[in-house]
Amino acid sequence: MTRPDVATVVTVRRDASGRDVASELAPGTFLAPRPLLPAADGLQLALVGTTAGLLAGDDLLLRITVGPGARLRLREPAGLVAYDHRGGTSSWRAVVEVAEGGELTWESQPFVVSSGAAVTRTMQVALAPGARMLWRDTLVLGRSGERGGGVRALTRAVHGGRELLVEDLDLTDPDVRELPGILGPNRIVGAVTALGADPGGPPHPSRMDLAGPGAQIRLLDTGAPAVDRELAAVWRSWRASYGTAPRTGP
């Protein structure tokens with residue numbers, strides 16, 4: 001009998017001296033949290049891969065909790081590849097909770113969906129009043145020379161008990177997603193999303209304000225470099241407003 005996949009768990013709190021500390025760093029089947037050099041604007045952690053990318057039957061689960069007034073800077077040093085599932089399916093799930101006055105910035109690397117893969121990716125975020133999150137992500141449909149497999153990306157973010165962003169991005173059928181008005185010839189889908197606060201920054205033609213405090217800029221292209229350059233500039237601009245915000249909460 002196959003053993004169930006183990007979740008990666010990250011729990012961060014603010015101690016009595018005002019430092020951001022990890023109260024739990026538990027490696028999972030696919031990713032392990034690793035501390036980075038100390039920083040003045042929050043605890044810095046890397047999510048390091050511990051096994052090959054997603055195969056059929058894999059269930060990658062992340063549980064991330066940021067306590068009241070704490071700050072977590074999460075980075076991924078390498079991207080994730082979903083390989084040919086040969087008729088099977090896999091899933092990637094993240095459950096994020098940020099308490100009052102807490103802050104999470106998550107700079108992820110590309111999520112590559114190889115031809116033959118069939119992945120469901122779920123991001124579930126619960127923000128308390130005064131909490132916020134900044135997230136950068138990129139979906140890549142296919143490795144070099146591939147058309148790419150299928151991915152369904154589900155996002156639900158709640159702020160203070162009210163829905164802030166609810167999205168079902170269904171890119172499972174290449175014939176449908178390649179139609180004009182959907183993706184067309186584009187195979188790169190990149191975004192920077194601010195949840196719980198207006199990130200400011202200069203105007204951008206692709207900016208979408210959310211149903212509450214927050215915004216998203218999403219870009220499409222046939223190649224990764226152009227998307228990466230533009231989103232990197234957005235990330236730096238929005239990230240600067242997060243790094244300078246005063247601490248709130250307990």
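The values are calculated or read from the model by the stated rules, or taken from the named source; none is laboratory data. What you see is a predicted model, and the numbers here were worked out from it, not measured in a lab. Positions of Cβ are generated from backbone atoms using ideal geometry, with glycine treated the same way; all protein chains shown enter the neighbour counts. Surface areas here come from the heavy atoms of the whole protein model, side chains and all, with no ligands, DNA or RNA. Shrake-Rupley method; radii C 1.70, N 1.55, O 1.52, S 1.80 Å.
Just a few scattered comments:
- When the strands (runs of 3 or more DSSP E) confined to the stretch 1-107 are screened for residues that are polar (S, T, N, Q) and open to solvent by 20 Å² or more (accessible area, probe 1.4 Å), those reaching at least 1 such residues are found at 8-14, 20-26, 43-49, 59-66, 90-98.
- As a summary of the residue check, V234 satisfies the conditions (1) open to solvent by less than 30 Å² (accessible area, probe 1.4 Å); (2) assigned to a helix (DSSP H, G or I); (3) of a type outside the set (F, W, Y); (4) touching a Leu at 6+ places or on another chain (Cβ under 7 Å) except for the one numbered (4).
- Against the test of being open to solvent by 40 Å² or more (accessible area, probe 1.4 Å) and over 12 Å from R132 (Cβ atoms), the options D228, D198 yield a single qualifying residue, D228.
- Residues of the stretch 38-56 that turn out to be among the aliphatic types (A, V, I, L, M) and under 23 Å from R132 (Cα atoms), as a count: 6
- Output for the stretch 200-218, where each listed residue is aliphatic (A, V, I, L, M) and either in contact (Cβ under 8 Å) with a residue 40 or more places away in the chain or under 13 Å from W235 (Cα atoms) (or both): L210, A211, A215, I217
- Residue within the stretch 207-220 that is polar (S, T, N, Q) and farther than 19 Å from S241 by Cβ present: no
- For the stretch 153-175, residues that are open to solvent by less than 70 Å² (accessible area, probe 1.4 Å) and assigned to a helix (DSSP H, G or I) total 1.
- Within the stretch 108-134, being among the small types (G, A, S), closer than 21 Å to V12 by Cβ and either in contact with a Lys or Arg (Cβ under 7 Å, 6 or more places away or on another chain) or outside any loop (DSSP other than H, G, I, E, B) (or both) holds for S108, A126.
- Matching entry among R152, R162, R207 (being within 30 Å of L55 (Cα to Cα) and of a type outside the set (S, T, N, Q)): R152
- Selection of the stretch 176-194 for residues being open to solvent by less than 30 Å² (accessible area, probe 1.4 Å) and either at negative phi or assigned to a strand (DSSP E or B) (or both) yields R177, L183, I188, V189, G190, A191, V192, T193, A194.
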